[in-house]
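Student: Supplied in structure tokens, the structure appears directly below.
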Amino acid sequence: MPNITFSQQVSDLRTMASGITTRLDDLTSGGVLAADAAVLNAFADELDQINAEQEDLKAQLKTKTRELYAKIREAKAKQANVRKRIKLSAPQEHWVAFGITAKR
């Protein structure tokens with residue numbers, strides 16, 4: 001059985017619940033109850049809610065990732081500037097103390 005999409009799963013839950021509600025008289029002999037339809041609808045509602053929360057979290061993650069990358073660029077620029085000034089001010093044999101491994 002192929003995997004179905006999230007939206008298809010939710011749609012299938014709602015369709016089955018609707019079918020149960022519509023044809024409940026025919027299904028009670030098989031043990032299918034109105035409560036089953038309510039549970040299926042509740043699952044569909046909960047899945048929609050969790051999916052919405054997940055989408056919000058994805059948006060927040062993208063925002064935080066952009067913020068992180070901007071801060072990393074800023075830190076690298078500052079580090080490069082300070083490294084250049086250290087190389088101009090300190091003798092080459094002292095560069096290792098600052099984490100500078102360049103030969104020139």
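Read the figures in this text as sums done on the coordinates, not as results from a lab. Values in this document were obtained by computation on a predicted structure and should not be read as measured data. Glycine also receives a Cβ, built like all others from the backbone with ideal geometry; neighbour counts cover every protein chain displayed.
Student: What is the fewest-to-most order of 86, 72, 20 by other Cβ atoms lying within 10 Å of their Cβ?
Tutor: 72, 86, 20
Student: Springs between alpha-carbon pairs under 10 angstrom, Gaussian network model over the chain: which of 37, 80, 52 fluctuates most?
Tutor: Of 37, 80, 52, the most mobile in the Gaussian network model is 80.
Student: Counting pairs of alpha carbon atoms under 8 Å apart in space and at least six apart in sequence, what relative contact order in percent does the chain give?
Tutor: Across the chain, relative contact order equals 19 percent.
Student: For residue 22 and residue 70 in the same chain, what is the full-extension length gain: residue separation times 0.36 nm, less their Cα-Cα distance, in nm?
Tutor: 11.7 nm
Student: While we're on this one: Among the aspartates and glutamates, select those whose C-alpha is under 20 Å from the C-alpha of residue 64, and discard any that sit fewer than 8 residues away in the same chain.
Tutor: The reachable aspartates and glutamates, counting only those whose Cα sits under 20 Å from residue 64, are 53, 55, 56, 74.
Student: If you line up the long axis of helix 6-22 against the longest principal axis of the chain, both from Cα atoms, how many degrees apart are they, to the nearest 10?
Tutor: 20 degrees
Student: Mean residue ellipticity at 222 nm from the helices of the chain, using -39,500 (n - 2.57) per DSSP H segment of n ≥ 4 over the full residue count, to the nearest 500 deg cm²/dmol?
Tutor: -26500 deg cm²/dmol
Student: Further question on the same structure: Specify the residue with the greatest mean-square fluctuation among 12, 26, 56, computed from a Gaussian network of the chain linking alpha-carbon atoms under 10 Å apart.
Tutor: Residue with maximal mean-square fluctuation among 12, 26, 56: 26.
Student: Moving on. Please build a GNM for the chain, connecting alpha carbons under 10 Å apart, and tell me which residue among 66, 14, 85 fluctuates the most.
Tutor: Taking springs between Cα atoms under 10 Å, the residue moving most is 85.
Student: At 0.36 nm per residue, and after removing the present C-alpha to C-alpha distance, how many nm does the segment from residue 83 to residue 34 gain when stretched out fully?
Tutor: My answer for the length gained is 10.4 nm.
Student: Taking N as the number of residues in the chain, what is its Cα Rg relative to 2.2 N^0.38 Å?
Tutor: 2.36
Student: Using the alpha-carbon atoms, what tilt in degrees (0 to 90, nearest 10) does helix 34-89 show relative to the longest principal axis of the chain?
Tutor: Once rounded, the angle reads 10 degrees.
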